[in-house]
1. Residues of the stretch 370-403 being more than 21 Å from Lys110 (Cβ to Cβ), among the β-branched types (Val, Ile, Thr) and in a loop (DSSP other than H, G, I, E, B), which ones?
2. Restrict the check to the stretch 214-226 and report whether at least one residue is part of a helix (DSSP H, G or I), of a type outside the set (S, T, N, Q) and either under 25 Å from Asp134 (Cβ atoms) or in contact with a strand residue (DSSP E or B) (Cβ under 6 Å, 6 or more places away or on another chain) (or both).
3. Could you list, in sequence order, the residues of the stretch 112-142 that are surrounded by fewer than 18 Cβ atoms within 10 Å (Cβ to Cβ) and of a type in the set (Val, Ile, Thr)?
4. Go through the residues of the stretch 210-223 one by one and say whether even a single one is touching a residue at least 24 places away in the same chain (Cβ under 8 Å) and closer than 18 Å to Ala34 by Cα.
5. Exactly one condition in (1) part of a helix (DSSP H, G or I); (2) of a type outside the set (A, V, I, L, M, F, W, C); (3) within 25 Å of the chain's Cα centre (by Cα) is false for Asp288; which is it?
6. Do we find a residue being in contact with a strand residue (DSSP E or B) (Cβ under 7 Å, 6 or more places away or on another chain), outside the structural domain of Ala285 (by TED's automatic domain parsing) and not in a loop (DSSP other than H, G, I, E, B) anywhere in the stretch 45-65?
7. Does Ala88 satisfy being modelled with pLDDT under 95 and among the aliphatic types (A, V, I, L, M)?
8. So if I check each of Glu419, Glu424, Glu404, which one is without any contact (Cβ under 8 Å) to a residue 24 or more places away in the chain, under 44 Å from the mean Cα position of the chain (by Cα) and not assigned by TED's automatic domain parsing to the domain that holds Gly115?
Amino acid sequence: MNLVANPVRLSTASSTFDAEFKARLHWSADTDAAIEQRVADILLDVQRRGDTAVLEYTARFDGLSVSAMSALELSQAELKAAFDAIPAAQRAALQAAARRVRSYHEAQKKANGEGWSYRDEDGTLLGQKVTPLDRVGIYVPGGKAAYPSSVLMNAIPAHVAGVGEIIMVVPTPKGEKNPLVLAAAYVAGVTRAFTIGGAQAVAALAYGTSTIPAVDKITGPGNAYVAAAKRRVFGTVGIDMIAGPSEILVLADGSTPVDWVAMDLFSQAEHDELAQSILLCPDAAYIDQVHEALNRLLPAMPRAEIIAKSLNGRGVLIHTRSMEEACALSNRIAPEHLEVSSSQPHEWEPLLKHAGAIFLGAYTSESLGDYCAGPNHVLPTSGTARFSSPLGVYDFQKRSSLIEVSEQGAQTLGRIAAELAYGEGLQAHARAAEMRLHTVPDMKVTK
């Protein structure tokens, strides 16, 4: 098969750029109506029949037929055995990556995750108490590919936050277990693990069954069924985000070897056909060289067909009038991964406001962030980096306000609260505050 990488070429100088770019950038997060209805049926069935329904769906969708849920739970001994059995180089890489991810999230917790309080002059205490969630569920994709890195990125920040139980679910079609995923669960400190996936796994985590305990929050990416299920159970449990296709935007000044940039664009395109790879550069000749490199390097890639479909369907090479304009356009896109492939990356970083993760300099490939740099690789997609953040320790904690009003403070605050409560027509609120006053006034009558 003669595959060709032919991403769209655009120029910001063109009068039709905005329309052409919006058409290329658009991706709908709306799921197919049939998927939504099927997911709704599965969630309701699992909520009603629990383990029995989970077993039936696991047999139907994963081709894994067992008579009891106990056969789908991975023991700690099995996780450790998987760790012991993988090659020494993989064990060392897992442990090194886990150390870096844990170190980063421990620093994150110290910076933002501690409670605080202060006292007013009258002795009133105000503050915030930070506590971890009791139990969380992490969804790890399985099937076409295995993602041990996703285990580390979801379980370790939960562990650092102090979550009591971490329940992992991972589909294992036909019963094929990936030893690196199991080993990662062992390294990351997963409490319990089950070989189930899809909407039925999300339902089991959200509602609980006789075997799988209900969790407080579900994190981790999955297919359209998983995304639809997470959207539907939100409110019963918390979720991290609804993830769309993976994205990379390379902001290049023309100083990085073109083969490096081409391979970085491949690194997202190889995920799936809907992944998006974008290059912004003010040097038209450099864009030509990157385009040439894409086609020169493509035949050697094992996932060449997926890469070609992704680049031809959603890839964009954009000639900008300046690096400043490229930065402004990047902010409009708000990409999941943003590489500043420049000899002076810190010159442009202050101009960049919206991105899931920013990779500074030619040597900082996005793939290093995916596996072992330390920051989390679970990132907002589809422009949601405008208002949301990477997965972190804060996602596994909640905050409670602390209020302790002194006797003296109640004399001031009580009058303020009572006045506002009477204004809202809530006499019990007002009277509760007034009863703490040294001189209790007669109750006002409001309509």
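The values are calculated or read from the model by the stated rules, or taken from the named source; none is laboratory data. Because the structure is predicted, anything quoted here is derived from the model rather than measured. Every residue, glycine as well, gets a Cβ built from its backbone with ideal geometry; the counts of neighbours run over all protein chains shown.
1. If the condition is that a residue be more than 21 Å from Lys110 (Cβ to Cβ), among the β-branched types (Val, Ile, Thr) and in a loop (DSSP other than H, G, I, E, B), then Thr381 is the only one that fits.
2. Yes, there is a match, as at least one residue in the stretch 214-226 is part of a helix (DSSP H, G or I), of a type outside the set (S, T, N, Q) and either under 25 Å from Asp134 (Cβ atoms) or in contact with a strand residue (DSSP E or B) (Cβ under 6 Å, 6 or more places away or on another chain) (or both).
3. Within the stretch 112-142, just Thr131 meets the criteria.
4. Yes, because at least one residue in the stretch 210-223 is touching a residue at least 24 places away in the same chain (Cβ under 8 Å) and closer than 18 Å to Ala34 by Cα.
5. That leaves (3) as the condition not met.
6. Scanning the stretch 45-65 turns up no residue that is in contact with a strand residue (DSSP E or B) (Cβ under 7 Å, 6 or more places away or on another chain), outside the structural domain of Ala285 (by TED's automatic domain parsing) and not in a loop (DSSP other than H, G, I, E, B).
7. On the way: modelled with pLDDT under 95: no; among the aliphatic types (A, V, I, L, M): yes.
No, not satisfied.
8. Working: Glu419 fails: under 44 Å from the mean Cα position of the chain (by Cα); Glu404 fails: without any contact (Cβ under 8 Å) to a residue 24 or more places away in the chain.
Checking each option against the conditions leaves just Glu424.
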